[in-house]
Amino acid sequence: MSAPAAASAQDSDAAFYASVPVFDAFDQVADPARYRPLPDGWVIGNADIVKSTQAKAAGRAKAVNLAGAAVIAGVTNALAGEQVAYVFGGDGASFAVPARLAEPAAAALAAVAAWATHELELPMRCGMVPIAAIRAAGLDVLLARYAASPDVRYALFAGGGLRWADGQIKAGRFVLAPAGADAQPDLTGLSCNWEQVPSSLGTILTVILVPRGRFDAPAFTDLVKRLNALLADASQARCPLPEGGPPLRWPPTGLGLLARVRRRPGEWAIWLRVKLAAETLFGTVLLWTGWKAGSFDPARYRRELVANADFRGYDDGLRMTLDCTLAQADRIEALLAQARAQGVARYGTHREDAALMTCIAPLPSRSDHVHFIDGAAGGYTLAALQIKADA
């Protein structure tokens, strides 16, 4: 592509993003007016851990979530300076990129798949699906942008195309072969240093809610409004993160996983562990004491961490990880069961004692660090199993 053509394509992509409304009231998540169809020529990337249910049952939920977030870190780092619409799915992730970025995005995705397979021993399946194939199947991919805080905007996807793409890749179509075993994706900023977050209200409730028909059907949009109304009282249901963020300990439980993120060919494992132990000790002391270091303000970072948390979103279905009272969890599940009986939606829920956070913070001194929340032992993976059983 010539330089003028590349600049024109980049300008066109920027114009599309500018046309997508940004909203900060989550109760508007099911409003069709907030969504715009992706332009022709765009491509959907998708990755998930094979047999993630078994991995989480074996106590590897932290590693599974880390692999899912690695997809986002690897692709966004490879496309540095470009806007990338992505969504975290617990045991994987999806993203959308214009045609001009499809090749480098695919290379980054293949490198992450190889890294997850060889470094974490979590085989990852991935693929790239053209929007044209999705539309030929009678579906679409619509994009909205939700401002969780003034510093972070998360992508929301509707139209059925993401779920169709995921199913196609699992069926062996549009599949990317992983890169070589020595692939080194750029995972700068990816970390898992925080501890599990125990429920303070009664239970951590993970919810996935999928429409039976079109997402803009009045019955489904009304259902989402009723569900959000139940969540309006923060004393009954809220983000699992307490003020100030999750608990800290040193050395962090995730130190071994962090070593796998940061390991480079030829680097001595013992030296790396020593270096990371010192690095995490320094960070933990700052966060414990509130002492500032250069442009890093621990108190500000803790506030932003909670505000930026990705604990709810929409990717062809509503997804939430909430800290709930037992009574509120009962009310939520009763509402969803009624909607299923009426043929409005399918749903899956999972209750457990704690939540888990995985982070991408390339420069902690900046305010746009992101934090993905899931149930600590099953969360989205187990809720999704109920959806599959109800298909």
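Quick rundown of the values:
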{"read-out": "Test for Val274: is it surrounded by fewer than 22 Cβ atoms within 10 Å (Cβ to Cβ) and touching a Gly at 6+ places or on another chain (Cβ under 7 Å)", "value": "no"}
{"read-out": "Top-ranked residue in region 192-211 [being of a type in the set (A, V, I, L, M, F, W, C) and more than 30 Å from Arg340 (Cβ to Cβ); ranked as modelled with the lowest pLDDT]", "value": "Cys192"}
{"read-out": "Hits in region 191-212 - residues which are assigned to a strand (DSSP E or B) and of a type in the set (Gly, Ala, Ser)", "value": "Ser191"}
{"read-out": "Complete set of residues in region 72-82 that are assigned to a helix (DSSP H, G or I) and at pLDDT below 95", "value": "none"}
{"read-out": "Qualifying residue in region 212-226 (condition: at pLDDT below 95, under 21 Å from the mean Cα position of the chain (by Cα) and not hydrophobic (A, V, I, L, M, F, W, C))", "value": "no"}
{"read-out": "Test: residue in region 285-299 that is over 22 Å from Gln28 (Cβ atoms), in contact with a helix residue (DSSP H, G or I) (Cβ under 7 Å, 6 or more places away or on another chain), modelled with pLDDT of 95 or more and in a loop (DSSP other than H, G, I, E, B)", "value": "no"}
{"read-out": "Enumeration of residues in region 316-344 that are part of a helix (DSSP H, G or I) and either hydrophobic (A, V, I, L, M, F, W, C) or in contact with a Lys or Arg (Cβ under 8 Å, 6 or more places away or on another chain) (or both)", "value": "Leu326, Ala327, Ala329, Ile332, Ala334, Leu335, Leu336, Ala337, Ala339, Arg340, Ala341"}
{"read-out": "Unmet requirement for Tyr347, which otherwise passes all of (1) touching a strand residue (DSSP E or B) at 6+ places or on another chain (Cβ under 7 Å); (2) not in a strand (DSSP E or B)", "value": "(2)"}
{"read-out": "Within region 46-60, considering residues that are under 17 Å from Leu190 (Cβ atoms) and within 14 Å of the chain's Cα centre (by Cα), the one surrounded by the fewest Cβ atoms within 10 Å (Cβ to Cβ)", "value": "Ile49"}
{"read-out": "Exclusive hit being surrounded by 18 or more Cβ atoms within 10 Å (Cβ to Cβ), more than 29 Å from Ala70 (Cα to Cα) and of a type in the set (Val, Ile, Thr), set Val344, Val370", "value": "Val344"}
{"read-out": "So Gly313, is it in contact (Cβ under 8 Å) with a residue 24 or more places away in the chain, of a type outside the set (A, V, I, L, M, F, W, C) and outside any loop (DSSP other than H, G, I, E, B)", "value": "yes"}
{"read-out": "Residue within region 280-289 that is more than 30 Å from Gln184 (Cβ to Cβ) and either within 20 Å of the chain's Cα centre (by Cα) or not hydrophobic (A, V, I, L, M, F, W, C) (or both) present", "value": "yes"}
{"read-out": "Region 193-235 - residue that is surrounded by fewer than 22 Cβ atoms within 10 Å (Cβ to Cβ) and touching a Cys at 6+ places or on another chain (Cβ under 7 Å) and, of those, nearest to Arg262 (Cα to Cα)", "value": "Thr203"}
{"read-out": "Region 157-186 residues that are assigned to a loop (DSSP other than H, G, I, E, B) and modelled with pLDDT of 95 or more, paired with ones that are charged (D, E, K, R) and crowded, with 18+ Cβ neighbours inside 10 Å (beta carbon under 8 Å, 6 or more apart)", "value": "Gly159/Asp316"}
{"read-out": "Considering residues of region 13-71 that are aromatic (Phe, Trp, Tyr) and not in a helix (DSSP H, G or I) only, the residue farthest from Ala259 (Cα to Cα)", "value": "Tyr35"}
{"read-out": "Residues (under 13 Å from the mean Cα position of the chain (by Cα), on the phi < 0 side of the Ramachandran plot and small (Gly, Ala, Ser)) located in region 352-391", "value": "Gly375"}
{"read-out": "Those residues of region 74-91 which are in contact with a strand residue (DSSP E or B) (Cβ under 6 Å, 6 or more places away or on another chain), in contact (Cβ under 8 Å) with a residue 60 or more places away in the chain and not acidic (Asp, Glu), in sequence order", "value": "Ala85, Tyr86, Val87, Phe88, Gly90"}
{"read-out": "Selected residue (only one of Leu305, Leu258, Leu241 is over 21 Å from Leu187 (Cβ atoms) and surrounded by 17 or more Cβ atoms within 10 Å (Cβ to Cβ))", "value": "Leu241"}
{"read-out": "Odd one out for Ala327, checked against (1) among the small types (Gly, Ala, Ser); (2) modelled with pLDDT of 95 or more; (3) within 30 Å of Arg34 (Cβ to Cβ)", "value": "(3)"}
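Residues checked against (1) closer than 16 Å to Phe372 by Cα; (2) surrounded by 19 or more Cβ atoms within 10 Å (Cβ to Cβ); (3) touching a Gly at 6+ places or on another chain (Cβ under 7 Å):
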| position | (1), (2), (3) |
| --- | --- |
| Leu66 | yes, yes, no |
| Ala70 | yes, yes, no |
| Gly74 | yes, yes, no |
| Ala78 | no, yes, no |
| Asp91 | yes, yes, yes |
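The values are calculated or read from the model by the stated rules, or taken from the named source; none is laboratory data. From a predicted model like this one, the values you see are computed outputs, not experimental measurements. Here the Cβ is made from the backbone with ideal geometry for all residues, glycine too, and neighbour counts use every protein chain on show.
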